[in-house]
Structure formats: structure tokens, C-alpha cells
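The values are calculated or read from the model by the stated rules, or taken from the named source; none is laboratory data. What you see is a predicted model, and the numbers here were worked out from it, not measured in a lab. As a convention, Cβ positions derive from the backbone with ideal geometry for all residues, glycine included, and neighbour counts pool all protein chains shown. Calculation scope for accessible area: heavy atoms of the full protein, side chains included, ligands and nucleic acids excluded. Shrake-Rupley method; radii C 1.70, N 1.55, O 1.52, S 1.80 Å.
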Amino acid sequence: MLTQEQNDLLTRVGKGTPMGELMRRYWHPIAAKQQLVERKVMPVRLLGEDLTLFLDEEGRVGLVGDRCAHRLVKLECGLTTEKGIKCPYHGWTFDTNGQCVDQPSEPSARFKDNVKILSYPVEELAGLIFAYLGPLPAPLLPRWNRLVWDNVYRTIGIIKIPCNWLQCMENTPDPVHATYLHGQFFTHWMDENGVEDEGMRRLAQGMSTPISKHEYELGKYGIDRRWLFEGQDPALGAWAEGLPLVFPHIHCTSGSGRHTFGWRLPIDDENTLQVYVRVFEPGREVEVPEQDVVPYSEVEMVDKDGKFTALNSVTGQDIMAWVSQGRIMDRTKEVLGHSDRGVVMYRQLLMKQVDVVQSGEDPINTFRDPTDNQCIPLPSAADRGNNWGKGTDGSYIRGSVTAADLMPQHIKDEIEDLFVQAAENRKARAQTEAK
Ligand code: FES
Ligand SMILES: [Fe+2]
């Protein structure tokens, strides 16, 4: 249980708030590159700030304030040119640094030199556009291994969630919920709705296995989480290796050729943007084609009436839980138990890092030396360790790796083909070696 002051400190992210200042020390993936390629101009709200993201005709990405300096028209209605973003009202144009570079109706050519709007640094990685809203010089954009591995197929998912970011993130140091929410509840939901999809049934059955023990400790990149399922070999999987909560707001799971790496971005105090990269890794037995475009899906999981519309997916089940906790969960009323010790450790770590920033130092996961930032080695333990997706002879069961995923079917087919091909190649090689 927290006091109201503690709850406010942890949940409020506006400029000048303690948590807002901590969050401004990190890069945040605000859009898929492909989203911007399709739209050219997008309004973005992050940490309570309204901004405009644009792609100019020279291919430069800019993140600037939401309004034109002239008479405050919203730049989200603007158009892009080779110089930057052009306000629709009188044509003033701003480049990626927010500098006004064109004022077609002004007689003085130098007037524009003194006109500038807010701008923030952006960078691209793994098909995502990242923004940094903090003090300069910005730290390096972290190159977490899942974002830079080769021979993998990536997809991006983007979901707007109508509740505070912290209750979404507190799900990560809480592996216990999976047995109930993604195992028992999911099975119940399929029974109630007459769903007989084999892949989903297998997934829910795997998830239903109870956790026999779980532990947490502070690690290099956040909180190392370890858990063991009943009947699982403790020498393998998450119990042996641990899987981190990557501070401050990244969720990371692995297993059976699929890694999920996802951020819970505070849009503001009452809304969260969940952005995740799914990294499908069929193995070295197959060559995964280079991706010119990382496909994205933007999914609504809570409709306008507050109805949960994606209970057929693990993510949709999580979102049901988080949204139903309240717009900003009232932690003065909670009753925590022994199984919540990961959640408690996470809150303590957040508070400690707030203090670090207030004392003028860099918080954890600040990278400033490129040699430390080539490919940051997060572990990849199979978090469920129960080999769902594999037949008794070790062969791959088509449909497993994309089960309950929300990508369009043609993308799923492409991914499944790679896994089937890899399994066949593996089998053929084993047979050759056995001869
Ligand atoms: S309001 Fe933007 S150019 Fe006039
Ligand atoms: Fe979950």
C-alpha cells in the first residue's frame, strides 16, 4: 500500500514532476517508421506534451511542438515539403530543429531567423522512431540485443491503453498472474465463446501451469525476474537465467522462437501507449530475408464504451486487468501479499532513480559510450520452458509461434513458413548427420 503522495510521485509524468523528469532521461518509441511513411504528419502526445512528428520530403524525421509560432495553428494539419513542415494557414515552414525557414508573406528575409519552435531529438532503430525529451546532451539510444539481432523477423504492435502507465508496468514484475489470467481465464473465455482454435488452446494450456517459485533481484539493467513452473527443469529457462524488467518501462519475454520487447510509454497521467517489437527467431537453419519495412499493427483493445475487445489475445487479457484497476490505480487501497514482492521492488527502484536524477546524476540504463552500446546483451531464457509449439518428436507445429498474435494473416503466414522451413532443414540435417 502507498500513501497518496507516493502514488502521485510514481504515477505523474508531466514536465517538472519527479517521475516526469526521470522518464525524460530515456528514449521512447513514439511511432513505427512505416506509420510515418504512410501519414507524413502525426500528432504525438508523450509525457503530457503535445507534439508533431513529421517526415519531410528529403526523408528527414522531425519532432516539433504542436503549434505554429505565428498564430498557433496546429501543425498536425500541416503539409511536408523538402524543407520541413509547412503550416496550413500562412505557409510558415519549420525544419526538424524547429527553426522557421520560410515565411512566404513576410517582406523581411531575416524575420524568420528569430522564430523557432520546440524540437526534440529523434532516432530510428528496428523500424521504430524514438524520441528523447530530456536535457541535452542526449544519451545514446540503447541498442538492446532484440533490436539489433540479424536473421530475425520483426513486427511492431501499437496499442493505446486508457489508464496510467504504472499499472501496466507493474504487470512485468508479476509473473504469477499468467497462470490465472492467460491460463485459467483464457480457457474459461474460450469455453464461454465456443472458441476451438488449436494454437490458442495450446497456448492457454501451457500458461495454466502453476508457478512453484519466483524470485527477484536488482540486476544490471533493472530487475532480474526468475520463476519456475511446476514440472519444469530448473536448469533451463527463466529460473536458471532470469529475464529482466528493463528499467524503466520495458517488458521482455522470450521462448520457443519468439521474443517480445515492449515499452509502456506514458502518454500522460491517464493514458499509456504500449509499443512492442515481436522478434521471431526461426533459427540459423533458415535465412530470414532483410526487412525493408517492419510491419506494424495498431490495435484497439478497449472500445469507446469501455468494452474489452481483444480477450482472445494475451495482451488483450492484460489490458483488461490494467484498465479495470482504474484510470490511475488508487494504491492507498490495495492489499499486497508475498507474491507482490517484485512489484514492491520495482516501486522502490523507481523512487531511488528519481532521487538519482534529482541529485544531478544519470539514472541506470544511461549509455554514453558507444563501445557499451553495440548490442546490449539481455538474456533470452525461454520464459515458459514448456516447449509449446513442438511436437513430441521435436518437430514444429505450424501456427504455434503466431498463435494469439494480432498481425494480419499474410504476415503470420510469412513467419510460419520460416519456422516450418527451419524445422524441415533441421530435421534433414540431423538425418544426414545420422547416416
Ligand atoms: S498560423 Fe501558421 S503560418 Fe500563420
Ligand atoms: Fe500478462
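Excluding same-chain residues fewer than 8 positions from LYS307, which lysines have a Cα within less than 22 Å of its Cα?
LYS160
Who wins for biggest fluctuation among ASP268, ASP224, ASP113 in a Gaussian network model of the chain, springs between alpha carbons below 10 Å?
ASP113
Mind pulling the angle between the C-alpha long axis of helix 314-324 and the longest principal axis of the chain? Nearest 10 degrees, somewhere in 0 to 90.
Here the helix axis deviates by roughly 60 degrees.
Between helix 409-434 and the chain, what is the angle of the helix's C-alpha long axis to the longest principal axis, kept within 0 to 90° and rounded to the nearest 10?
Between helix and principal axis, roughly 40 degrees.
Pairs of Cα atoms under 8 Å, at least six residues apart: use those to get the relative contact order of segment 145-429, whole percent.
The normalised contact order for segment 145-429 reaches 29 percent.
Take the chain, connect every pair of alpha-carbon atoms lying under 10 Å apart with a spring to form a Gaussian network, then pick out the residue of ASP303, ASP355, ASP150 with the largest mean-square fluctuation.
Looking only at ASP303, ASP355, ASP150, the biggest GNM fluctuation is shown by ASP303.
Taking all protein chains as present, what is the carbon and sulfur share of the accessible area of segment 145-429, in % to the nearest whole number, probe 1.4 Å? Let's see the in-between values first.
On the way: 6110 of 12450 Å².
Carbon and sulfur atoms account for 49 percent of the accessible area of segment 145-429.
How many Å² of accessible area per residue for segment 271-425, probe 1.4 Å?
Details: 7680 Å² over 155 residues.
Per residue, segment 271-425 has an accessible area of 50 Å².
Return the FRET efficiency for the residue pair ASP417, ARG341: r is the Cβ-Cβ distance, R0 is 41 Å, and the value is rounded to the nearest 0.05. Don't skip to the answer; put the middle values down first.
Working: r = 43 Å, r/R0 = 1.05.
With a Förster radius of 41 Å, E is 0.45.
Treat every Asp and Glu Cβ in the chain as -1 and every Lys and Arg Cβ as +1, leave all other atoms uncharged, and give the resulting dipole magnitude about the Cα centre to the nearest 20 debye. Let's see the in-between values first.
On the way: 48 positive and 62 negative charges, 99 e Å.
It works out to roughly 480 debye.
Run the reach check for LYS83 against lysines, Cα to Cα strictly under 29 Å, same-chain hits fewer than 8 apart removed. What comes back?
Excluding near neighbours in sequence, the set is LYS33, LYS40, LYS74, LYS112, LYS116.
In degrees, nearest 10, range 0 to 90: what is the angle between the Cα axis of helix 198-207 and the longest Cα principal axis of the chain?
90 degrees
For a quick check of understanding: with a 1.4 angstrom probe and all protein chains in place, what accessible area in square angstrom does ASP417 have, to the nearest ten?
Spelled out: ASP417, probe radius 1.4 Å, area about 80 Å².
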